[in-house]
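For reference, the structure is listed below as structure tokens.
Derivation of every value follows stated rules applied to the coordinates shown; laboratory data play no part. Here the structure is a predicted model, which is why all the values come from computation and not from measurement. Don't worry about glycine lacking a Cβ; one is built from the backbone with ideal geometry, like all the others, and counts go over all protein chains shown.
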Amino acid sequence: MESKHGEKTVLDPFGTSFVADYERLYKEFGIEPFQPLLSKVPNPSVYMRRGIVFGHRDFGRVLDAMVKGEKFAVLSGIKPTGEFHLGTLMTVREIIYFQQHGAQTFYCIADIEAYEDNKIPFEKSEKIAVDNVADLLALGFNPEKGYIYRQSKENHVKDLAIIFGRAVTLATMKAIYGERHIGLYLAALIQAGDILLPQMEEFGGPKPTVIPVGVDQDPHIRFTRDLAQIFQKKHGFILPSSTYHKLMKGLDGSPKMSKRLMNYFTLHDKPEVIAERISNAFTGGRATIKEQRELGGVPEICPVYEICLFHFVEDDDEIIKTYHDCKTGKLLCGEHKKQTIDIVLKFVKEHRRKKQKFVDKARQILQVE
Ligand code: SF4
């Protein structure tokens, strides 16, 4: 699958992913569109309403359970590789949405994957995990109604990985993940263990489970669904469901946020760094003010619009107005960047204030001195 500029769609959970055309993922990867389900979803999240959550696998089964008040679970995980940024914020808000709508909730700290994929030693990822969990709690995750765990400390996950390993050949791993070191294949088996953890007897047994992730994680979902099928008879697994959100662009307009390009910010960057990154961001604006007034901007390609749409403007009417004002040339990029900086810095300041209160709780949850 290629974009009109010849760039190919790549969904690689261990590498760089790029989506040339979201519509074509439905046909070519068998992902189902989310839109037809939207009217049935109770209080759909901002991401759902705005088409940022654009696809799913078998989400109908989870939706049925939500609507009928039956038991279901949500699980997603984040690698403890650094401070929370806008990509992780999205996953966390999705988990919290399902928690608030009755899901048994699991937050996985993917420290084995961080070790295998990013070479982060466990002593270091432990410290990062404490910081991430404090963020998680500050964003509204209720630890009384959720299970937060580290892969390296959760034996059920490792046990499942051992069991699953018996059913997987090297050829299958290469076909799904490409030629990789064995540790990454192990991390994929561990992830399959994570995804099916909510269905273990110790956690209440089989139940519909949704995994909200970026679409670059789809290979893990497909792999785990195959394993759930193979081990269905023995463990009674229900095939896990997923929802997929779009991948955020970098502030420089490149397809992905990247540490190397410094084209994004974290929730803990200094205010002046955040302000500078937004000020210098690529936009969908025109070469001159006169042109922009006459022709309008192109919000569809603009990362400044994208961060407002995804994260910082909750009111639908307000974001529609911003879109319209940009398209008609009423709003100029300099003015919009200033507004966006103010909104982001206000959010970040408030978030940090809340987070301070949760650092001890995070240590306690992870049993870290
Ligand atoms: S006005 Fe805003 S949304 Fe429109 S192109 Fe400029 S920065 Fe982007």
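Structure values in brief
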{"read-out": "Subset of the stretch 323-369 (residues that are over 25 Å from the mean Cα position of the chain (by Cα) and of a type in the set (S, T, N, Q))", "value": "Thr328, Gln339, Gln364, Gln367"}
{"read-out": "Within the stretch 219-332, helices (runs of 4 or more DSSP H) holding 1 or more residues that are farther than 30 Å from Asp194 by Cβ and either without any contact (Cβ under 8 Å) to a residue 12 or more places away in the chain or within 16 Å of the ligand (Cβ to nearest atom) (or both)", "value": "271-279, 289-295, 303-307, 316-327"}
{"read-out": "Some residue of the stretch 59-71 being surrounded by 22 or more Cβ atoms within 10 Å (Cβ to Cβ) and either touching a residue at least 40 places away in the same chain (Cβ under 8 Å) or charged (D, E, K, R) (or both)", "value": "yes"}
